[in-house]
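First comes the structure, then the notes that go with it.
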Amino acid sequence: MKRVSCDVIQDLIPLYVEDMLSEDSRKLVKAHLDECEECRAYLNELQETSTLPPEIDITLFRKIQTNLQKKKWQAIVLATIITLFIGTLTIVFMTAPEYFPYSEEVVAVNEASNELVLVNFSDKVAGYNLNSYPGENGTGSVYHLTTWSTTWHELVDTEEITPIVLNPNEEQVEAVYYYQANGEADQLIYGNEQHPSGGAFTLPRLSLAYLSVLAGIAFIICVGMMFAVRSNRTYLERVTKITFLPLSYLFAQLIVTGWNTSTYSIVRDLTVILLVSILLYGIFWIGMKWVNSHLIE
Ligand SMILES: [Zn+2]
């Protein structure tokens, strides 16, 4: 009878150690232990072999769990950013303007019977840009026009551009020039030549070139700082994070405009460049965290 009882008690002892028994069972085990040397020895042996107290076990487990969750989130965020990045690049290339050199099939200027000057676009044209300024003899306006196509327009949105009226209030139209975007002089497509001595050139705006020079200088300064703090891991990490700001910008600009930074659509280009830089920086940031968490282990 006593042997059977000892087996039962020894089955219960691990639970007794963990304090997971009901009150009655605990009393039963306690009463038995007071009388039974063999089961007391078993209890001692069990307490000695359990190396870690249970509460430390749990903290360690939680730590590992948090760490795993962190890594999971990092992976999710990284995948999201990369997806956004690829999506943005696709949109950037789909909507990048490809300027048309002048051709009568692309754009035609016509006079309507009622003094209005109409511009008609071919269905290949995805967008246009029109600027005007007062003519030299002060009686009317001079217009500068350019048109472009996009892959998006060719493949997806094939909607035609509605003709525009240059002078809705019957103003005098001195001349309309077409900007060729290929380095050649602007082409007079309507009215009287305003620059008899030589062709007019619409100059691409150079703001992006200035920005890339600024970013380049910032990058060089940052690299110098990285070199200066290279022995301090914490500082080096901080400076690296700053260094990647101008670097992301430079990469984004290279991706969006290529080596030629001249632009005729600065708002679009700058918006797109900033968007791509933010995404690139996000990839860098998560990538750095990921590398760090793997190196530290
Ligand atoms: Zn016993």
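The values are calculated or read from the model by the stated rules, or taken from the named source; none is laboratory data. Remember, predicted model here, so these are calculated numbers, not experimental data. Because the Cβ atoms are built from the backbone with ideal geometry, glycine has one as well, and the counts that use them run over all protein chains shown.
Of all residue pairs spaced 6 or more apart or on separate chains, those with beta-carbon atoms under 8 Å, a first member in segment 27-44 that is within 10 Å of Ile13 (Cα to Cα) and a second member that is of a type in the set (S, T, N, Q) and within 8 Å of the ligand (Cβ to nearest atom) are Cys39/Gln10; Tyr42/Gln10. What about Asn110, is it in a loop (DSSP other than H, G, I, E, B) and away from the ligand (no atom under 16 Å from the Cβ)? Spelling it out, it is not the case that Asn110 is in a loop (DSSP other than H, G, I, E, B) and away from the ligand (no atom under 16 Å from the Cβ). Within segment 219-245, the set of residues being assigned to a helix (DSSP H, G or I) and of a type in the set (Lys, Arg) comprises Arg233, Arg238, Lys241. The criterion of at least 1 residues that are over 20 Å from Ile278 (Cβ atoms), assigned by TED's automatic domain parsing to the domain that holds Gly258 and within 16 Å of the ligand (Cβ to nearest atom) is met by none of the helices (runs of 4 or more DSSP H) falling completely within segment 12-100.
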